[in-house]
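The values are calculated or read from the model by the stated rules, or taken from the named source; none is laboratory data. All of these numbers come straight from a predicted model, not from anything done at the bench. Please note that ligands, DNA and RNA were not included when accessible areas were found on the heavy atoms of the full protein model with its side chains. Shrake-Rupley method; radii C 1.70, N 1.55, O 1.52, S 1.80 Å.
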Amino acid sequence: MDSQGATTDPQLQQFIEVESQKQRFQQLVHQMTEVCWEKCMDKPGPKLDSRTEVCFVNCVERFIDTSQFILNRLEQTPRTRGSFSETITD
C-alpha cells in the first residue's frame, strides 16, 4: 500500500503514464496543426505551392524547437523554484 492507502500497481502506473504521454503528444500535434494552418494556408486547394510548403516546414520546425525549449526550461524550474519561493517569502 502507498501513503494514501491504495495499492499501487506498477503496470497500471506505466500504462497510465504512456497513455498520458500519448494524449499530450496528440494535443501538441493538434495545436501545431492549428497554428501552422492559420499562419501558412491562404486558400486551400488541390495542391500545395512551394511557398506554402516551405512555410509549413519552417512553422513545424519552429514549433518543435520552441516546445523543446519550453520543456527544457520547465525541467529546470523545480531546481530553481526553491530559491525563488524563498526569496518571495522573505
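Points to keep in mind about this one:
- Scanning segment 10-39 for residues that are open to solvent by 100 Å² or more (accessible area, probe 1.4 Å) and of a type in the set (D, E, K, R) yields LYS22, ARG24, GLU34, GLU38, LYS39.
- Pick from segment 76-90, criterion open to solvent by less than 90 Å² (accessible area, probe 1.4 Å) and polar (S, T, N, Q), ranking: modelled with the highest pLDDT: GLN76
- The residues in segment 40-75 that are under 23 Å from the mean Cα position of the chain (by Cα), of a type in the set (D, E, K, R) and open to solvent by less than 90 Å² (accessible area, probe 1.4 Å) can be counted, and the count is 2.
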